[in-house]
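Report on the structure given below.
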Amino acid sequence: MPILSLDTYDIHIAPVTETLPPLLERLEFGRLFVLVDENTREHCLPKLREALQDQAFHTIQIQSGEQHKDIGTCQLIWQQLMQQQAGRDALLLNLGGGVIGDMGGFCAGTFKRGIPFVQIPTTLLSQVDASVGGKLGIDFMQVKNSIGLFRDPQAVLIDPTFLLTLPPREVRSGFAEVIKHSLIQEPQQWAQLQQLQELNAADWISLIPDSVRVKERIVAEDPYEKGLRKALNFGHTIGHGIEGEELHSADPLLHGEAIAIGMVCEAWLSHQLLALPEQDLEQISRYILSIYGHRPLAPERYRDYLQLMRNDKKNEGQSINFSLLHAVGQPAINQYCSERLIKESLDFYNQLQ
Ligand SMILES: NC(=O)c1ccc[n+]([C@@H]2O[C@H](COP(=O)([O-])OP(=O)(O)OC[C@H]3O[C@@H](n4cnc5c(N)ncnc54)[C@H](O)[C@@H]3O)[C@@H](O)[C@H]2O)c1
Ligand SMILES: [Zn+2]
């Protein structure tokens, strides 16, 4: 049973050994391809192989990491599809995190004007966020996701047991998107999450569906990010600024770790500008620090963070566009604020300990 039936495809949350066989039976396809990186080949492919039973397939392996999410790697993928005589009826299974899903979907969406593909996300971030919403793409000239397209998969198969081999730091990073989804749309899940202190005790089978539903509901209402979909950027305006700048530091932050800091700062802005209650601001800050700890931000870097925020694609002209919260569960899009206030929000984060 799908947990969500969308106009053109279903999202299933169950062991892939249960969800893949009936899907393959239903789809008509020619050659079958599986895209992996070295980690998902080792940790996830054995289970997929079990699900595929005696179905023949060709594995395409690429190197893991955001630095390989580029046109060079796409060429390797297209080459293999070509050499293996993939026709328009070939089917590609993308087995991996957001890098594999975004790039595999992009390669499928463009090869011979588009072949069908299935997303099988194996990181928490890709299960609750990247695999839902139809955005596919790669990085180009240092600009993230600047080449790509919108295209739906045949299905999204989420198997929470893949998370068992994911490094704990990656789990914690993906968890920032779970926190974000609860804050923008699910006050009840936010209340529940705060009971959860140890991520390795998390009941992903019950947490993931609620989180996926938030993303899916928002995307269904606004597929091309004209309005409400921007709510998903809560924490991301300041978070991206910090993530980009800290990339060059000795200890770069993972995406979700930077977004966690961004959510604290943007909750403070929400309190200043939109009357998000003080008690909510305190709860958000306390919970995020309890999960992510505290990483002081050097005030001499504030200018560089702001410079990166000015490049954010949501902006119009010179003003920095924020997605904030009126209250937990009530997002507010297209909010603008002064640079002085943004710096004060960074100060607010810094003085927490
Ligand atoms: N399309 C969208 O809407 C959307 C949304 C959010 C993020 N993204 C994209 O997602 C990407 C980030 O995705 P990510 O955080 O999943 O990173 P990732 O794909 O780089 O995966 C993180 C690491 O975990 C490894 N890995 C994956 N699954 C594993 C498993 N089960 N066991 C052990 N190791 C495993 C990978 O090999 C990699 O080293 C970014 O490129 C971002 O732009 C896209
Ligand atoms: Zn994010």
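Between V34, S182, M141, whose Cα lies farthest towards the positive end of the dipole of the chain when Lys and Arg beta carbons carry +1 and Asp and Glu beta carbons carry -1, centred on the Cα centre?
Of the options given, the answer is M141.
Give me T8, T237 sorted ascending by neighbouring Cβ count inside 10 Å, so fewest comes first. Walk me through the numbers before you get to the answer.
Details: T8 10, T237 25.
Fewest-to-most ranking of T8, T237: T8, T237.
Let's test this: bin the Cα-Cα distances of the stretch 126-246 at 10 Å from zero up to the farthest pair and state each bin's percent.
Histogram of Cα-Cα distances, whole percents per bin: 11, 40, 38, 10, 0.
Tell me, D222, D129 in order of fewest to most beta-carbon neighbours within 10 Å? Show your work: numbers first, answer last.
On the way: D222 15, D129 26.
Arranged by neighbour count, lowest to highest, D222, D129 become D222, D129.
How high is the relative contact order of the stretch 168-351, given as a whole-number percent (alpha carbon pairs under 8 Å, six or more residues apart)?
Values: 239 pairs, mean separation 49.7, N = 184.
Normalised by residue count, the contact order of the stretch 168-351 is 27 percent.
Pairs of alpha-carbon atoms within less than 8 angstrom and 6+ residues apart define the contacts here; what relative contact order does the stretch 97-212 have, in percent? Intermediate values should be presented prior to the final figure.
Details: 154 pairs, mean separation 30.0, N = 116.
That works out to 26 percent.
How would you rank R340, R169, R31, R229, going from fewest to most other Cβ atoms within 10 Å of each one's own Cβ? List each step's numbers first, then the result.
Numbers: R340 7, R169 11, R31 17, R229 20.
So the ranking, lowest neighbour count to highest, is R340, R169, R31, R229.
Percent of Cα-Cα pairs per 10 Å bin, from 0 to the last occupied bin, for the stretch 4-165, please list those.
11, 46, 37, 6, 0
Please report how many Lys pairs in the stretch 168-351 have alpha carbons closer than 21 angstrom, counting only residues at least 8 apart along the chain or sitting on separate chains.
Close lysine pairs found across the stretch 168-351: 15.
Helix-derived [θ] at 222 nm for the chain: sum -39500 (n - 2.57) over DSSP H runs of at least 4, divide by residue count, nearest 500?
On the way: 13 runs with 162 residues, N = 353.
It lands at -14500 deg cm²/dmol.
Can you report the principal axis dimensions of the chain using only the alpha carbons, biggest first, rounded to whole angstrom?
Per principal axis, max minus min of the Cα coordinates gives 59, 41, 37 Å.
Which longest run of the chain has no exposed loop site in it, a site being GluC sites (Glu not before Pro) in a DSSP loop with at most 16 other beta carbons within 10 Å, and the site itself not part of the run?
On the way: sites that count: E28, E198.
Free of exposed loop sites, the longest segment is 29-197.
Over the stretch 214-268, what is the relative contact order in whole percent, taking alpha-carbon pairs under 8 Å and six or more residues apart?
Relative contact order of the stretch 214-268: 33 percent.
State to the nearest 20 debye the size of the charge dipole of the stretch 57-118 about its Cα centre, where the only charges are +1 on K and R beta carbons and -1 on D and E beta carbons.
Numbers: 4 positive and 4 negative charges, 44 e Å.
With only Lys, Arg, Asp and Glu charged at Cβ, the dipole is about 220 debye.
From the backbone phi of the stretch 255-266, what are the Karplus-calculated ³J(HN,Hα) couplings (6.51 cos²θ - 1.76 cosθ + 1.60, θ = phi - 60°) in whole Hz, Gly and Pro given as x?
Result, ordered by residue: 3, x, 5, 6, 5, 4, 5, x, 5, 5, 4, 6 Hz.
Return P(r) of the stretch 252-322 (all Cα-Cα pairs; 5 Å bins starting at 0; whole %; ordered from short to long distances).
Whole-percent P(r) values from 0 Å outward: 3, 15, 20, 24, 21, 14, 3, 0.
With +1 assigned to the C-beta of every Lys and Arg and -1 to the C-beta of every Asp and Glu, and no other charges, what is the dipole magnitude of the stretch 191-294 about the Cα centre in debye, to the nearest 20?
Numbers: 7 positive and 16 negative charges, 71 e Å.
With only Lys, Arg, Asp and Glu charged at Cβ, the dipole is about 340 debye.
State the answer as a single residue: which of L125, Q197, Q335 lies farthest towards the positive end of the charge dipole of the chain, with beta carbon charges of +1 for Lys and Arg and -1 for Asp and Glu, about the Cα centre.
Q335
To the nearest 20 debye, what is the magnitude of the charge dipole of the stretch 4-165 about its Cα centre, counting +1 on the Cβ of each Lys and Arg and -1 on the Cβ of each Asp and Glu? Could the numbers behind the result be given before it?
Working: 12 positive and 18 negative charges, 87 e Å.
Using Cβ point charges on Lys, Arg, Asp and Glu, the stretch 4-165 gives about 420 debye.
Excluding G137 itself, calculate the net charge of residues whose Cβ lies under 15 Å from the Cβ of G137, where each Lys or Arg counts +1 and each Asp or Glu counts -1. Could you put the intermediate results ahead of the total?
Details: positive: K69, K135, K144, R151, K313; negative: E66, D70, D102, D129, D139, D152, E225.
Taking every Cβ under 15 Å from that of G137, the sum is -2.
Only the coordinates and a few stated rules stand behind these numbers; no lab work does. Every value quoted in this text rests on a predicted model; they were computed, and no experiment measured them. Counting neighbours? That spans all protein chains shown, and the Cβs are built from the backbone with ideal geometry, glycine included.
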